[in-house]
Amino acid sequence: MSRGFPLQRLRNIGIMAHIDAGKTTITERILYYTGKTHRMGEVDEGSATMDWMEQEKERGITITSAATTCFWKGHQINIIDTPGHVDFTAEVERSLRVLDGAITVLCGVGGVEPQSETVWRQANKYNVPRIVFVNKMDRVGCDFARAVGMLRERLGANVVYIQLPVHRKEKFIGIIDLISMQYRIYHEESLGATFEDIPIPEDLLDEAQKSREELLEALTFYDDQLLEKFLNDEPIQDEEIKKALRKATLDAKVFPVLCGSALRNKGVQKLLDAVVDFLPSPVDIPPVKGTHPDKNREEKRRPSDDEPFCALAFKIASDPYMGKLTYFRVYSGKLKVGNVVLNANTKTRERMARILEMHANKRIDKQEIFTGDIAAAVGLRKTTTGHTLCEQKRPIVLEKMSFPEPVISVAIEPKTKADQDQLSLALSKLADEDPTFGVKINEETGQTIISGMGELHLEVLVERMMREFGVQAKVGKPQVAYKETITLPAEAEGKFIRQTGGKGQYGWVKIRLEPLPKGGGFKFEDRTKGGILPKQFVPPVKEGIAESMQNGVLAGYPMVDIKAILLEGKYHEVDSTEIAYRIAGSLAFQEAANKAGPVLLEPVMSVEVTVPDEYLGDVINDLNSRRGNILGIHPKGNARAISVVVPLSEMFGYATRLRSLSQGRATFTMEFDHYAQVPDSIFEGLITRLRGF
């Protein structure tokens, strides 16, 4: 079996945006116009194809990234529709890791919003080429120029118009294409499926020509031939513009901007054209790099079916009928059903018993997959998010994905004894699926604690547990995920000596702790000299310290940003054991940490509150009372946007409070920003309360 079309005609793209910018509506229109569906799903009606989970239909938001495949003008387009809510940022992160290009959707009224900035930064991290679609151009208060200006100011993006919206009597009626210099009018009665391209009206011609000059001028930096023609006033063909714009877009140096209204069925076909014209195929992307798992040398895989097979697992999903589904992206080579591949991270073999092409929650069996394909495998036992699957004789480990740590926790317990086993199973499956969902047992209270990225994140996961796994559980109030660290260097000894007749236990070490800069994690250094401690006892000391760091000395929270140095050690020829040194390391760490000026760190959130002018003062006063640090206030449509950083502990119940302060007219978005030391003024009281909890 061979590939049905050239690799150059494949596009792997994601659609990313702030919540409510219209991502899912755009995806639904794409599926309709490409013939994938015969009826347009609507988010408001709960009938969107890609939002197939019950919670997605009820809440009108995207929770999981859904994958689908469609075809446009002889090209295959694999689309991943990602969530816009910040609590599900891991879904965006892992999707961007495996995509070649992306469509960034902005609301024509809101412009660049906080989550727009987050997803743009995530795309910058992976150097993903993007096109921008300014949606909702039919809405009152939409401003195309303002939205593009915000892209330049807030994101520092080098964006160029390739279209202009046309409004008549405040109604959005068509689009001017600055490459072809044609004016497209959509036929309302055909739901935008039919349209007419006509010459640009006289009253709009000057503005269109000026914008086209700006586009050409911007592109002359990336194409010498275009520069020469531009300077000599020679005619420039449409294909020459597209070629230069494609090159600049693939290098992520320029981001073309389009416009439309997905809800009114305007601009979606042009968007599909831009995906084909400007976003990369797998062959436009540099070879993927990794390391050999045993020889620690760099390995590369070119995007070709003739290369050794190499794929990255980027998502795990539990399917009620199929069991565990592992989504993966093929970077090189091809694979048939029944082949055995190597999981290079765990060094275990996995058999590809069944391979599926996904369309949201529907599926098609595939007998063979090729370079560039995005597919799902059924029943892989040892593979999880971020693992590399590859040919056994040509192993490679691709760079792993990094995810933010959870910042909020709740206690959860089964309602009845019968729910206990089901609860453990459900939590295990959900933790497999979601790298930002944590589960641990509090050793002192015996409670099960689950952690996530926000209240909505945990709420959705608990709902899924009850619906999909039939578990009835009691959930506690949300608690902040604090951390601990040290501020001073300190030294301490740890001794574990037991004589019980016969062989005993003997371990003695001396360590020094030093604070590391923010984000330093944990480092360990062995400074023992002259073999005073046999080498086999050094790793257990490190393990004992690392275990102790999971339960800090102030209130039992994980400790971070610490360097531990092993200074001395003594051993007994008969009684010394690895477990004795693990315990000695743990005891030394606890004593040194208590002497090292331990402090509590709290998660601080970046918040943007959009509020009408008349309520501005009350909202600012309330934010100040929550220990908020206001960074700036700027106009946003006919309201004001307040940028502020606030400790997460002060933001519980804020949605209700903001509604009452503004008569329901203000809105806010919130995402994790950084960890900061708890101020001395509340430290003692907080520690007392946390120890009680």
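The values are calculated or read from the model by the stated rules, or taken from the named source; none is laboratory data. What you see is a predicted model, and the numbers here were worked out from it, not measured in a lab. Heads up, the Cβs are rebuilt from the backbone with ideal geometry, glycines too, and the neighbour counts pull from every protein chain shown. The accessibility values were calculated without ligands, DNA or RNA, using every heavy atom of the protein model including side chains. Shrake-Rupley method; radii C 1.70, N 1.55, O 1.52, S 1.80 Å.
Which condition number in (1) of a type in the set (Lys, Arg); (2) in a helix (DSSP H, G or I); (3) under 24 Å from residue 653 (Cα atoms); (4) touching a strand residue (DSSP E or B) at 6+ places or on another chain (Cβ under 7 Å) is the one that residue 429 fails?
In the conditions (1) of a type in the set (Lys, Arg); (2) in a helix (DSSP H, G or I); (3) under 24 Å from residue 653 (Cα atoms); (4) touching a strand residue (DSSP E or B) at 6+ places or on another chain (Cβ under 7 Å), residue 429 misses (3) alone.
Residue 642 - would you say it is open to solvent by 20 Å² or more (accessible area, probe 1.4 Å), at pLDDT below 95 and under 32 Å from the mean Cα position of the chain (by Cα)?
no
Considering 566, 601, which residue is over 30 Å from residue 672 (Cβ atoms) and surrounded by 19 or more Cβ atoms within 10 Å (Cβ to Cβ)?
Just one listed residue meets the conditions, 566.
Quick check on this structure: which one of 426, 418 is among the small types (Gly, Ala, Ser) and open to solvent by less than 60 Å² (accessible area, probe 1.4 Å)?
Every option except 426 fails the conditions.
Kindly provide the set of residues from the stretch 405-440 that are among the aliphatic types (A, V, I, L, M) and modelled with pLDDT of 80 or more, ordered by number.
408, 410, 411, 412, 423, 425, 426, 427, 430, 431, 439
Restricting to the stretch 456-482, name every residue that is under 27 Å from residue 600 (Cβ atoms), surrounded by 14 or more Cβ atoms within 10 Å (Cβ to Cβ) and in contact (Cβ under 8 Å) with a residue 60 or more places away in the chain.
Those that are under 27 Å from residue 600 (Cβ atoms), surrounded by 14 or more Cβ atoms within 10 Å (Cβ to Cβ) and in contact (Cβ under 8 Å) with a residue 60 or more places away in the chain: 456, 457, 475, 476, 478, 479, 480, 481, 482.
Could you please find all residues in the stretch 578-598 being polar (S, T, N, Q) and either free of Cβ contacts under 8 Å to residues at least 12 places away in the same chain or open to solvent by less than 30 Å² (accessible area, probe 1.4 Å) (or both)?
If the condition is that a residue be polar (S, T, N, Q) and either free of Cβ contacts under 8 Å to residues at least 12 places away in the same chain or open to solvent by less than 30 Å² (accessible area, probe 1.4 Å) (or both), then 586 is the only one that fits.
Within the stretch 270-285, which residues are in a helix (DSSP H, G or I) and open to solvent by less than 10 Å² (accessible area, probe 1.4 Å)?
271, 272, 274, 275, 278, 282
Go through the stretch 244-259 residue by residue and tally those that are open to solvent by less than 70 Å² (accessible area, probe 1.4 Å) and under 19 Å from residue 212 (Cβ atoms).
Adding up the residues that qualify gives 11.
Going through 266, 253 one at a time, which residue ends up being closer than 23 Å to residue 105 by Cα, out of contact with any strand residue (DSSP E or B) (no Cβ under 9 Å at 6 or more places or on another chain) and touching a residue at least 60 places away in the same chain (Cβ under 8 Å)?
253
Considering every residue within the stretch 77-85, establish whether at least one is small (Gly, Ala, Ser), at pLDDT 50 or above, within 17 Å of the chain's Cα centre (by Cα) and over 21 Å from residue 368 (Cα atoms).
no
Quick check: is even one residue across the stretch 495-514 within 17 Å of residue 551 (Cα to Cα), out of contact with any Ser or Thr (no Cβ under 6 Å at 6 or more places or on another chain) and either modelled with pLDDT under 85 or β-branched (Val, Ile, Thr) (or both)?
no
From 248, 274, which residue is free of Cβ contacts under 8 Å to residues at least 60 places away in the same chain and of a type in the set (Gly, Ala, Ser)?
248 is the lone residue from the list that is free of Cβ contacts under 8 Å to residues at least 60 places away in the same chain and of a type in the set (Gly, Ala, Ser).
In the stretch 650-693, which residues are surrounded by fewer than 17 Cβ atoms within 10 Å (Cβ to Cβ) and acidic (Asp, Glu)?
Across the stretch 650-693, the qualifying residues are 673, 680, 684.
What are the pairs with Cβ atoms under 6 angstrom where one residue, in the stretch 204-219, is touching a residue at least 40 places away in the same chain (Cβ under 8 Å) and the other, located anywhere, is open to solvent by less than 10 Å² (accessible area, probe 1.4 Å) and of a type in the set (Gly, Ala, Ser)? Sequence gap at least six, or different chains.
Matching pairs, first to second residue: 219/244.
Is there a residue being under 19 Å from residue 653 (Cα atoms), modelled with pLDDT under 85, among the acidic types (Asp, Glu) and out of contact with any His (no Cβ under 6 Å at 6 or more places or on another chain) anywhere in the stretch 466-489?
No: zero hits.
Which residue, of 236, 241, is among the β-branched types (Val, Ile, Thr), outside any loop (DSSP other than H, G, I, E, B) and surrounded by 12 or more Cβ atoms within 10 Å (Cβ to Cβ)?
241
Checking the conditions here, which among 348, 385, 326, 371 is closer than 18 Å to residue 432 by Cβ, modelled with pLDDT of 90 or more and not aromatic (Phe, Trp, Tyr)?
That would be 348, the only listed residue that is closer than 18 Å to residue 432 by Cβ, modelled with pLDDT of 90 or more and not aromatic (Phe, Trp, Tyr).
Could you tell me which of the residues 205, 227 is modelled with pLDDT under 90, of a type outside the set (Asp, Glu) and either part of a helix (DSSP H, G or I) or in contact with a helix residue (DSSP H, G or I) (Cβ under 6 Å, 6 or more places away or on another chain) (or both)?
None of the other options fit; the residue is 227.
State which residue is most open to solvent (accessible area, probe 1.4 Å) when the search covers only the stretch 495-539 and only residues that are β-branched (Val, Ile, Thr) and assigned to a loop (DSSP other than H, G, I, E, B).
If we take residues in the stretch 495-539 being β-branched (Val, Ile, Thr) and assigned to a loop (DSSP other than H, G, I, E, B), then 500 is most open to solvent (accessible area, probe 1.4 Å).
Do you know which residues across the stretch 362-402 are touching a Ser or Thr at 6+ places or on another chain (Cβ under 6 Å) and open to solvent by less than 50 Å² (accessible area, probe 1.4 Å)?
Selection gives 371, 377, 380, 383, 397, 398.
Here is a check on your reading of the model: is residue 60 over 23 Å from residue 403 (Cβ atoms) and at pLDDT 80 or above?
No.
Which of the residues that make up the stretch 322-361 are surrounded by fewer than 16 Cβ atoms within 10 Å (Cβ to Cβ) and either assigned to a strand (DSSP E or B) or among the small types (Gly, Ala, Ser) (or both)?
323, 336, 338, 340, 348, 349, 351, 353, listed by residue number.
So for the stretch 389-399 (the condition being among the acidic types (Asp, Glu), in a loop (DSSP other than H, G, I, E, B) and closer than 30 Å to residue 347 by Cα), does at least one residue qualify?
Checked the stretch 389-399: at least one residue is among the acidic types (Asp, Glu), in a loop (DSSP other than H, G, I, E, B) and closer than 30 Å to residue 347 by Cα.
Taking the stretch 540-561, which residues are open to solvent by less than 30 Å² (accessible area, probe 1.4 Å) and in contact with an Asp or Glu (Cβ under 6 Å, 6 or more places away or on another chain)?
Correct list: 540, 552, 554, 559.
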